[in-house]
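Scroll down for the structure; my scribbles are underneath it.
The values are calculated or read from the model by the stated rules, or taken from the named source; none is laboratory data. Note that the structure is a prediction, hence the values are computed from the model and not measured. Counting neighbours? That spans all protein chains shown, and the Cβs are built from the backbone with ideal geometry, glycine included. Surface accessibility is based on the protein's heavy atoms, side chains included, excluding ligands, DNA and RNA. Shrake-Rupley method; radii C 1.70, N 1.55, O 1.52, S 1.80 Å.
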Amino acid sequence: MIIGFIAGYAFLIAALPRSADPILLAVISSIMVLGSLFVLSVAFLSAQTVSDVARLAELERDVIIDPLTGIHNRRFFNDRLAEEEARFDRTGAPLSLIIVDLDHFKSINDRFGHAAGDRVLIVTAARLTEIVRAFDVLARIGGEEFVILAPNTNAAEAEHLAERIRLAIRESTITLPGYGEVSITASFGVATHLPGERAQSLLSRADSALYAAKASGRNCVALAE
């Protein structure tokens, strides 16, 4: 638009007769210059607004995204758990929770270093992302602990989902640069929301089921009582 103003001004000056009123030429020039400055200021403000929106979006993303794995973090999970609890109270639709904990993860850090441990977490998060459904909420809530919030999912369906993930983790390998391939397993605790139950109780029962899975030898799925 600025180029258009300049071109139009040049054309107009060239088209006007030499005897044109100087005052008229000054008015035209002023209008062209002010118009160009107005367009320039609008463009600048628009660019600044886009930059600010992008920066705010990035800050918001940083608040809810785990920086290592790129999936949601505990803060986001807690917010969604509260929302799903309210929906359960309102509609009674089933709601399940799956806690995933990598078995013997500390030994990976001890044997190969923390960079290798980070690699295992990143790959595991990617595999979980591939398996969970679009409406599930996947988050990392601890060092090697992940959680899946599964709306509209009863106990049997949640157990089936956990078993699918368990097999996928067990049957695949992770390449660690400098060390080759390693295999890992995970333990799972599954709980389904009960009428009148609060979110913290649901999380606590899933956690208890996870401990039961570990006590049973790990690499298995346990359902909460």
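Quick notes on this structure:
- Alpha-carbon Debye profile of region 14-132, log10 I(q)/I(0) at 0.09, 0.12, 0.14, 0.15 Å⁻¹: -0.56, -0.74, -0.89, -0.95
- Gyration tensor (Cα) of region 97-225, equivalent ellipsoid semi-axes in angstrom: 26, 15, 12
- Equivalent-ellipsoid semi-axes for region 104-153 (Cα gyration tensor, √(5λ), whole Å, largest first): 26, 10, 7.
- Solvent-accessible area, 1.4 Å probe, carbon plus sulfur percent, for the chain: 61
- Per-bin percent of Cα-Cα distances, region 174-219 [5 Å]: 6, 20, 17, 13, 12, 11, 9, 6, 3, 2, 0
- Per residue accessible area of the chain, 1.4 Å probe, in Å²: 56
- Of the peptides 87-94, 202-209, 103-110, 134-141, the order by per-residue mean of other Cβ atoms within 10 Å, starting with the highest, comes out as 202-209, 134-141, 103-110, 87-94.
- Note on the chain: along the principal axes its Cα atoms extend 101, 53, 22 Å, ordered by decreasing extent.
- Among the DSSP helices (H) of the chain, those spanning at least 18 angstrom by Cα along their long axis with an average Kyte-Doolittle hydropathy of -0.5 or more are 2-15, 22-64, 114-131, 155-170, 199-215; this is a geometric and hydropathy rule only.
- Region 78-193, relative contact order in percent, only Cα pairs under 8 angstrom and at least six apart counted: 38
- Cα pair distances of region 1-54 binned at 5 Å [whole percent]: 4, 19, 21, 18, 12, 9, 7, 5, 4, 2, 0
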